[in-house]
Amino acid sequence: MNFQDQIKQGIPAELPAVKPYPADANRAPKRKDILTKVEKQLAVRNALRYFPKAWHAELALEFARELNDFGRIYMYRFKPDFAIKARPISDYPAKCQQAAAIMLMIDNNLDPAVAQHPEELITYGGNGAVFQNWAQYRLTMKYLSEMLDDQTLHMYSGHPMGLFPSSVEAPRVVVTNGMMIPNYSKPDDWERFNALGVTQYGQMTAGSFMYIGPQGIVHGTTITVMNAFRKVLQKGDTPHGKIFLTAGLGGMSGAQPKAGNIANCITVCAEVNAKAATKRHQQGWVDELVDNIDALIARVKVAQAEAEVVSIAYIGNVVDVWEAFDAEDIFVHLGSDQTSLHNPWSGGYYPVGISYDEANRLIREEPELFRAKVQDTLKRHAAIVNKHTAKGTYFFDYGNAFLLEASRAGGDVMAQNGIDFKYPSYVQDILGPMCFDYGFGPFRWVCTSGKAEDLDKTDAIAAAVLQRLMLEAPEEIQQQMQDNITWILDAKQNKLVVGSQARILYADAEGRAEIAAAFNAAIARGEIGPVVLGRDHHDVSGTDSPFRETSNIYDGSRFTADMAIHNVIGDSFRGATWVSIHNGGGVGWGEVMNGGFGMLLDGSAEADRRLKSMLFFDVNNGIARRSWARNSEADFAIKREMARTPKLQVTLANRVDDEILAQLPF
Ligand SMILES: NC(=O)c1ccc[n+]([C@@H]2O[C@H](COP(=O)([O-])OP(=O)(O)OC[C@H]3O[C@@H](n4cnc5c(N)ncnc54)[C@H](O)[C@@H]3O)[C@@H](O)[C@H]2O)c1
């Protein structure tokens, strides 16, 4: 049966044969065995709902084995036989082009070249799922192949509840992931309800079909490193020959050396796992590998003296590097850390002074000792960072819970007020005030023709739009505009495409809408095929996350999630092709609410109307909220927007003099 017929078939008419697990696949970790016997029966009963009764006896046993062996029921046998990857939009069997665009994006998120654990339908982040099982994939694709222009598919954590009559203006798909009653939203609740097959963790862009591979993270990291250097360098000085010291060459952290190269500095990135470091080196994401500290010191001194732009991976513990650089008086301009401290006790962060293999043995055999060693290392790590910052190093937390875990371990990282940390997070100091508050965020697009030449044309269109807008841009945002122009002009040569023909570009509300409108016009002229627009949820308006995206909100509202909810509802009636809202993402289940959208541009006048209405709201919703929180950059941006958009009226915050508050009888 060909690809189209398999898609249209959904759950196959005959029970497919059991498949061997692909030898080269990167299997998802075994999940916690958390269900009681009765709950396990319920999980199997739930899974069997997708299949005819005649298959139940055979499948029940198989699903029970999957649950016992892997902690989840993936229904491996039902994975389709065709290669899953973003195909040209015209290849998808569909009655509605918007539905075909969604199929393309789903397939891109499950492409083995893009996805982390494709057999388990996990796109990234260890647990960022597109679906919980292969029955959900098959049914969803079937529904999309049958969908008409006035139907909407409602998806509950990967489960396609069904096609409902709606209207041509409505989104074609509404996605929710991990939405829980708040009191049942702790990490173990996720394990339990995911194992039961009734919810899933969609991360940010996985469950909304908008992940585009590592390109997204490279761009965000580049913006962060460039702006961090701007904070510390004198005007006119350049990052050449100046050191950015950090750790981690894993999933996201592996983008740091590439970003450092684009930002023109010396990146020293420690990685304890030699395999991870070697892989990044082979992929060309880091220039040089060094495995002993003396050689590293000698190499770095040369790089400094010659003002080089180079990235060096040190195979070993980052604490050793910080300490050696202190002893040798090597000045570090920028310091950060991207070890996985959101997961400190099972391999996210390795203790100093013992080998990688020994540490892994301790995790399995002596977890308490491992925990103690991690905490000792964190204290040492904090102490040596403090020594460097006393000499002038600018250190920032990279959203990986370094400061949180160091403080829990008793490290010296608290500010004098005992509430805040000594050091800012990358959002508090950099992305928040310099990007998000002005509306700049990770806008992205995918050329659905699958042609590289379409991507080249869209790059050129976007660059021309930004160059035009730059002529009129106020001084406050000229630097961001210039960075984005440089990025898009160099994007092709940075060879960042993995999977679909996709591009990311930080842009503000005006930039996003103008670029999108120019794409739509080019599609109408037949110069390029249809384009899908979207964004990372790690953006101005999409995400409420008190220790990350909204960590620079200081009016107390960072623990609320109204912005993300308004975002997804507002986008849905302004023309999004699909919308998604997730509990959890990046920092964990119960810690964040994040929403996103996808929008197909097909060259029509209707698409032009929709993109203007939806992109405007999608960004300005967040700027309005940030302005209400008294963020001055957002205040500037929303007033500018109101001046050019008469129908926009935003409630503005009045500032209170400190003296008035100081006199109050508290
Ligand atoms: N890049 C971003 O924009 C961004 C944004 C927010 C949060 N984060 C956070 O960054 C962290 C890293 O993400 P990831 O996907 O790269 O995780 P990952 O687990 O794939 O990579 C982390 C790497 O750190 C290495 N490591 C651990 N301890 C070390 C030590 N002491 N010295 C040297 N190396 C050590 C590990 O071997 C691993 O390869 C996560 O906590 C993530 O949430 C990143």
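So is A94 farther than 19 Å from Q203 by Cβ and more than 16 Å from the ligand (Cβ to nearest atom) or not?
Details: farther than 19 Å from Q203 by Cβ: yes; more than 16 Å from the ligand (Cβ to nearest atom): yes.
Criteria met by A94.
Hey, does the stretch 604-611 have a residue that's part of a loop (DSSP other than H, G, I, E, B) and either surrounded by fewer than 24 Cβ atoms within 10 Å (Cβ to Cβ) or modelled with pLDDT under 95 (or both)?
Checking the stretch 604-611: at least one residue is part of a loop (DSSP other than H, G, I, E, B) and either surrounded by fewer than 24 Cβ atoms within 10 Å (Cβ to Cβ) or modelled with pLDDT under 95 (or both).
Taking E527 and the conditions (1) within 26 Å of H582 (Cβ to Cβ); (2) of a type in the set (D, E, K, R); (3) modelled with pLDDT of 95 or more, which numbered condition does it fall short on, given that it satisfies the others?
Single failed check for E527: (1).
If a residue must be farther than 14 Å from I315 by Cα and buried (at least 18 other Cβ atoms within 10 Å of the Cβ), how many such residues does the stretch 268-290 contain?
Looking only at that region, the number is 1.
How about the stretch 404-421: which of its residues are assigned to a loop (DSSP other than H, G, I, E, B), crowded, with 19+ Cβ neighbours inside 10 Å and not small (G, A, S)?
V413
Across the stretch 350-378, what is the number of residues that are touching a helix residue (DSSP H, G or I) at 6+ places or on another chain (Cβ under 6 Å) and closer than 21 Å to K275 by Cα?
The number of residues fulfilling the criteria is 5.
Please count how many residues of the stretch 327-337 are of a type in the set (D, E) and within 16 Å of the ligand (Cβ to nearest atom).
Summing the residues that are of a type in the set (D, E) and within 16 Å of the ligand (Cβ to nearest atom) in the stretch 327-337 gives 1.
So D150 clears everything in (1) crowded, with 19+ Cβ neighbours inside 10 Å; (2) touching a Pro at 6+ places or on another chain (Cβ under 8 Å); (3) not hydroxyl-bearing (S, T, Y) except one condition, right? Which one?
(1)
Suppose we filter the stretch 111-133 for residues that are surrounded by fewer than 23 Cβ atoms within 10 Å (Cβ to Cβ) and either in contact with a Leu (Cβ under 7 Å, 6 or more places away or on another chain) or closer than 25 Å to P12 by Cα (or both); how many remain?
Residues flagged as surrounded by fewer than 23 Cβ atoms within 10 Å (Cβ to Cβ) and either in contact with a Leu (Cβ under 7 Å, 6 or more places away or on another chain) or closer than 25 Å to P12 by Cα (or both) within the stretch 111-133 amount to 5.
R380 fails exactly one of the following numbered conditions: (1) touching a Gly at 6+ places or on another chain (Cβ under 9 Å); (2) farther than 17 Å from G335 by Cα. What is the number of that condition?
Only one criterion is unmet by R380, namely (2).
Go through the stretch 204-215 and give me each residue that's closer than 9 Å to I504 by Cβ and surrounded by fewer than 24 Cβ atoms within 10 Å (Cβ to Cβ).
In the first step, residues of the stretch 204-215 are kept if they are closer than 9 Å to I504 by Cβ; the result is 212, 215.
Within the stretch 204-215, just Q215 meets the criteria.
Could you please find all residues in the stretch 16-51 being under 16 Å from R77 (Cβ atoms) and not in a loop (DSSP other than H, G, I, E, B)?
Result: V44, A47, L48.
Among (1) at pLDDT 95 or above; (2) within 13 Å of the ligand (Cβ to nearest atom); (3) of a type in the set (S, T, Y), there is one condition S340 misses while meeting the rest; what is its number?
In the conditions (1) at pLDDT 95 or above; (2) within 13 Å of the ligand (Cβ to nearest atom); (3) of a type in the set (S, T, Y), S340 misses (1) alone.
Mind checking which residues of the stretch 179-188 are in a helix (DSSP H, G or I) and under 21 Å from T560 (Cα atoms)?
P182, N183, Y184, P187
Among the candidates F229, F193, which residue alone is free of Cβ contacts under 8 Å to residues at least 40 places away in the same chain, aromatic (F, W, Y) and either part of a strand (DSSP E or B) or farther than 18 Å from A99 by Cβ (or both)? Give the derivation first.
On the way: F229 fails: free of Cβ contacts under 8 Å to residues at least 40 places away in the same chain.
Answer to the selection: F193.
(1) among the hydroxyl-bearing types (S, T, Y); (2) within 29 Å of S500 (Cα to Cα); (3) in contact with a Ser or Thr (Cβ under 9 Å, 6 or more places away or on another chain): which one isn't true of T458, the others all being true?
(3)
Considering the stretch 379-403 alone, what residues qualify as being touching a Ser or Thr at 6+ places or on another chain (Cβ under 6 Å) and either assigned to a helix (DSSP H, G or I) or more than 11 Å from the ligand (Cβ to nearest atom) (or both)?
Correct list: F395, F396.
Condition test on D376, is it surrounded by fewer than 19 Cβ atoms within 10 Å (Cβ to Cβ) and either within 13 Å of the ligand (Cβ to nearest atom) or within 27 Å of the chain's Cα centre (by Cα) (or both)?
yes
Which condition breaks for D329 when tested against (1) part of a loop (DSSP other than H, G, I, E, B); (2) crowded, with 16+ Cβ neighbours inside 10 Å?
It is condition (2) that D329 fails.
Of everything in the stretch 625-637, what is of a type in the set (A, V, I, L, M, F, W, C) and either surrounded by fewer than 23 Cβ atoms within 10 Å (Cβ to Cβ) or outside any helix (DSSP H, G or I) (or both)? Give them in sequence order. Don't jump to the end; show me each part of the working.
Residues of the stretch 625-637 that are of a type in the set (A, V, I, L, M, F, W, C), as a first pass: 628-629, 634, 636-637.
Of everything in the stretch 625-637, those that are of a type in the set (A, V, I, L, M, F, W, C) and either surrounded by fewer than 23 Cβ atoms within 10 Å (Cβ to Cβ) or outside any helix (DSSP H, G or I) (or both) turn out to be W628, A629, F636.
Given the condition within 9 Å of the ligand (Cβ to nearest atom), in a loop (DSSP other than H, G, I, E, B) and more than 22 Å from the chain's Cα centre (by Cα), answer yes or no: does some residue in the stretch 351-367 qualify?
Within the stretch 351-367, one or more residues are within 9 Å of the ligand (Cβ to nearest atom), in a loop (DSSP other than H, G, I, E, B) and more than 22 Å from the chain's Cα centre (by Cα).
Can you pull out the residues in the stretch 562-580 that are in contact (Cβ under 8 Å) with a residue 60 or more places away in the chain, part of a helix (DSSP H, G or I) and out of contact with any Asp or Glu (no Cβ under 9 Å at 6 or more places or on another chain)?
Selection gives S572 alone.
Kindly evaluate Y356 against the criterion of being within 23 Å of N631 (Cα to Cα) and of a type in the set (S, T, Y).
Here the answer is no, as Y356 does not meet what is asked.
Taking into account only those residues within the stretch 166-184 that are touching a Ser or Thr at 6+ places or on another chain (Cβ under 8 Å) and over 15 Å from W578 (Cα atoms), which is surrounded by the most Cβ atoms within 10 Å (Cβ to Cβ)?
First, pick out the residues of the stretch 166-184 that are touching a Ser or Thr at 6+ places or on another chain (Cβ under 8 Å): 166, 170-180.
Still in the list and also over 15 Å from W578 (Cα atoms): 178-180.
Numbers: G178: 25, M179: 15, M180: 17.
Per the stated criteria, the residue is G178.
Might you check whether a residue that is loosely packed, with under 15 Cβ neighbours inside 10 Å and touching a Pro at 6+ places or on another chain (Cβ under 7 Å) occurs anywhere in the stretch 471-484?
Scanning the stretch 471-484, I find no residue that is loosely packed, with under 15 Cβ neighbours inside 10 Å and touching a Pro at 6+ places or on another chain (Cβ under 7 Å), so the answer is no.
Could you grab the pairs with beta carbons closer than 9 Å, sequence gap of 6+ or different chains, first residue in the stretch 539-556 and farther than 17 Å from R630 by Cβ and of a type in the set (A, V, I, L, M, F, W, C), second one in a loop (DSSP other than H, G, I, E, B) and within 15 Å of the ligand (Cβ to nearest atom)?
F547/G399; F547/A401; F547/V587; F547/E591; F547/V592
Would you point out the residue of the stretch 565-592, among those that are of a type in the set (A, V, I, L, M, F, W, C) and more than 16 Å from the ligand (Cβ to nearest atom), that is farthest from H538 (Cα to Cα)?
Result: F573.
The values are calculated or read from the model by the stated rules, or taken from the named source; none is laboratory data. From a predicted model like this one, the values you see are computed outputs, not experimental measurements. Backbone-built Cβ (ideal geometry, glycine too); neighbour counts: all protein chains shown.
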